[in-house]
Amino acid sequence: MKYKWLNKKQNENLIVFFNGWGMDESIINHLDCENFDVIMFYDYNSLDIDFVFEDLEKYKKKHLIAWSMGVMTASLFNISCNSKTAINGTLKPIDNLYGIPERIYDLTIKGFNEKGAAKFIKNMFDKDSDLPEINRTIENQKSELSALKTYKASLDFKYSKVLISSSDKIIPTKNQCAFWKIEPNIESGHCPFLLFKKWSELL
């Protein structure tokens, strides 16, 4: 796993962002950090990381925001936070009832190439004009798909807020609703960040 500070200005408050599969900061670079330091975790090819999570304890308030596969991955780390927001993901993200159906996930891995990656990215967004430039290699993304299948979420992990898009083509909206037992509450595709202008709107 990798990490990157998106904002580090010795603020009292911190946002911890667990990104989705295959992503980098390009999908959230437009969000105003305001008075928050922001750290992003991504690239879940391995859960090993050269980072001391205890260093985050110095912050007065910490807020976790996890998106897509990050919703499951965040549950594997014991980070105490004042709030925890899950966006378009579940704790069972590869599951016939509560996530991406297993057969579809396996076929995605098997046939993953540049064309497949482009199709996946396109399905994340409502408009072609929204498509970001992702700085990840095809090989790196494909191996991350396989790695994610081996992780099991902590089902005791509790989120204080859940956002579900109405037209998610990646993790089916109906499966998310079945897991969280709520209805869709944002009008968007899988990647909803362009609906927001600042991180605090997601808390």
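Taken together, the values in this text are just the output of simple stated rules run on the coordinates, not laboratory data. Because the structure is a prediction, the values reported are computed rather than measured. Positions of Cβ are generated from backbone atoms using ideal geometry, with glycine treated the same way; all protein chains shown enter the neighbour counts.
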task = Kindly list the number of the only condition in (1) of a type in the set (A, V, I, L, M, F, W, C); (2) closer than 22 Å to Glu144 by Cβ; (3) not in a helix (DSSP H, G or I) that fails for Met72.
result = (3)
ask   = Among the residues of the range 194-202, is any free of Cβ contacts under 8 Å to residues at least 40 places away in the same chain and touching a helix residue (DSSP H, G or I) at 6+ places or on another chain (Cβ under 8 Å)?
value = no
Top-ranked residue in the range 20-41 [being out of contact with any Phe, Trp or Tyr (no Cβ under 9 Å at 6 or more places or on another chain) and in a loop (DSSP other than H, G, I, E, B); ranked as nearest to Asp55 (Cα to Cα)] = Asn35
key: Residue pairs meeting the criteria (Cβ under 9 Å; at least 6 apart or on separate chains; first farther than 23 Å from Tyr159 by Cβ and in contact (Cβ under 8 Å) with a residue 60 or more places away in the chain, in the range 89-118; second among the hydrophobic types (A, V, I, L, M, F, W, C) and part of a helix (DSSP H, G or I))   = Ala117/Ile138
Filter pass, Glu201 being farther than 19 Å from Phe125 by Cα and either surrounded by fewer than 18 Cβ atoms within 10 Å (Cβ to Cβ) or among the β-branched types (Val, Ile, Thr) (or both) = yes
message = Within the range 23-33, does at least one residue satisfy the condition of being in contact (Cβ under 8 Å) with a residue 60 or more places away in the chain, closer than 22 Å to Leu155 by Cβ and under 16 Å from the mean Cα position of the chain (by Cα)?
response = no
Unique match (being within 25 Å of Lys174 (Cα to Cα) and touching an Asp or Glu at 6+ places or on another chain (Cβ under 7 Å)) among Gly70, Gly89, Gly22 = Gly22
note = Selection from the range 162-203 of residues more than 14 Å from Ile27 (Cβ to Cβ), aliphatic (A, V, I, L, M) and within 15 Å of the chain's Cα centre (by Cα) yields Val162, Leu163, Ile164, Ile171, Leu203
